[in-house]
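Before I ask anything, here is the structure I am working with.
The values are calculated or read from the model by the stated rules, or taken from the named source; none is laboratory data. What you are looking at is a predicted structure, and each value in this text was computed from that prediction instead of being measured. All Cβ positions, even for glycine, are placed from backbone atoms using ideal geometry, and neighbour counts span all protein chains on display.
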Amino acid sequence: MTPRLLRWLIPLSAVPVLALLAYGFRVNPRDIPSPLVGRPASAFALQTLEGAPLALEAQRGKVVVLNFWASWCYPACYEEAPVLERNWRAYRDRGVVVIGVDIQDKLEAAQKFTRDFGLSFPNARDTTGKVSVDYGVYGVPETFFIDRRGRIRAKHVGAVTDEAFRLNVEKLLSETTG
Amino acid sequence: MRARAPLLGLALALVLAAGAAAQARRVAEQQVQDVAAQLRCVVCQNLSVADSPSEMASQMRAIVRERLEAGEAPAQVVQYFVERYGEWILLSPRRHGFNLLVWAMPAVAVAVGFTLVGLVLVRWTRRGAAAGRVAATPVDTAMRDRIRRELEP
């Protein structure tokens, strides 16, 4: 190898590394595509914070917004709680149901959270973590949009915004039940 | 007296059953750790489910145990998590397809490094040898006289 070629080769070898870093630092490491999108939503039967039974199966035929949260998840869960409540009120008569699943939490703290935000949609506790794992939850908040046929169609990581809620729900509502 | 034999049998059966159950649990504990060590603790930064003290990890270990006790093979339990979280849940990427690049890159980098060092060394030794030849050229007589003069007391 001639010295001239060698002189070029060393800086050139840094190019792929720099390209990889340039790409890697731009993407959010927490933004992992869920393999569950497009797949049937796992059934679950939990108890609400008030002790009433709550099963996903019972909501078949409705568009379900399944939100995983925790009272210690500040600020994201605190930001989205009013958004969920607002949109649930706006859409409940159009065949949309919002279900909250409280994970890794204490019952009293969770009850205080729903009380403080005046949440009127059903909230259940996942005490064993099984529902969280079934939905591949790796943090809170995470929200799944489930269509009328019971398939997961979208996953939203982080606090849900009015826009994200509306966009996903309107899309699923516009679909005819196949 | 007659009642003793069945009682004894029952006691023996109980002891045996307890022993068998304890053994099954012990085996499972190591298996649980083995499976959990392959899984990424989802709420941590670079910790395995086996190493994390978090509640989520302990719940995941309980799920691993439950599935193993239900008779699933370790690979099936791992697959259960992969189906829900994607391959991201695995601490070491599987050795196929694009992932092979991750496994091959360090070896390739070391090989390239050694080659470069080798090439540079060859160049340096060659230059050194060339410099040696230059030094070996005879010193002219005027210089030799001068050196002799200056060395004399």
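Among A:Arg60, A:Arg4, which is of a type in the set (Lys, Arg) and free of Cβ contacts under 8 Å to residues at least 12 places away in the same chain? If you could, list the steps in order and put the result at the bottom.
Working: A:Arg60 fails: free of Cβ contacts under 8 Å to residues at least 12 places away in the same chain.
Unique residue meeting the criteria: A:Arg4.
If the requirement is being on the phi < 0 side of the Ramachandran plot, out of contact with any helix residue (DSSP H, G or I) (no Cβ under 9 Å at 6 or more places or on another chain), touching a residue at least 24 places away in the same chain (Cβ under 8 Å) and in a helix (DSSP H, G or I), which of these qualifies: A:Pro16, A:Pro82, A:Pro11? Lay out the reasoning, then the answer.
Values: A:Pro16 fails: touching a residue at least 24 places away in the same chain (Cβ under 8 Å); A:Pro11 fails: touching a residue at least 24 places away in the same chain (Cβ under 8 Å).
On inspection, the qualifying residue turns out to be A:Pro82.
Follow-up. In the stretch A:12-45, how many are farther than 18 Å from A:Lys155 by Cβ and modelled with pLDDT under 85?
1
Please work out if B:Ala50 is facing another protein chain (nearest Cβ under 10 Å) and either farther than 21 Å from A:Pro40 by Cα or part of a helix (DSSP H, G or I) (or both).
Against the criterion (facing another protein chain (nearest Cβ under 10 Å) and either farther than 21 Å from A:Pro40 by Cα or part of a helix (DSSP H, G or I) (or both)), B:Ala50 does not qualify.
Can you confirm whether B:Arg67 is of a type in the set (Lys, Arg), in the same structural domain as B:Ala36 (by TED's automatic domain parsing) and over 18 Å from A:Ile103 (Cβ atoms)?
yes
With respect to A:Ile103, is the statement that it is within 14 Å of chain B (Cβ to nearest Cβ), buried (at least 16 other Cβ atoms within 10 Å of the Cβ) and farther than 25 Å from A:Ser174 by Cβ true?
yes
Suppose we filter A:Leu21, A:Leu66 for residues that are closer than 24 Å to B:Glu87 by Cβ, out of contact with any Ser or Thr (no Cβ under 6 Å at 6 or more places or on another chain) and not in a helix (DSSP H, G or I); which single one remains?
Exactly one of A:Leu21, A:Leu66 is closer than 24 Å to B:Glu87 by Cβ, out of contact with any Ser or Thr (no Cβ under 6 Å at 6 or more places or on another chain) and not in a helix (DSSP H, G or I), namely A:Leu66.
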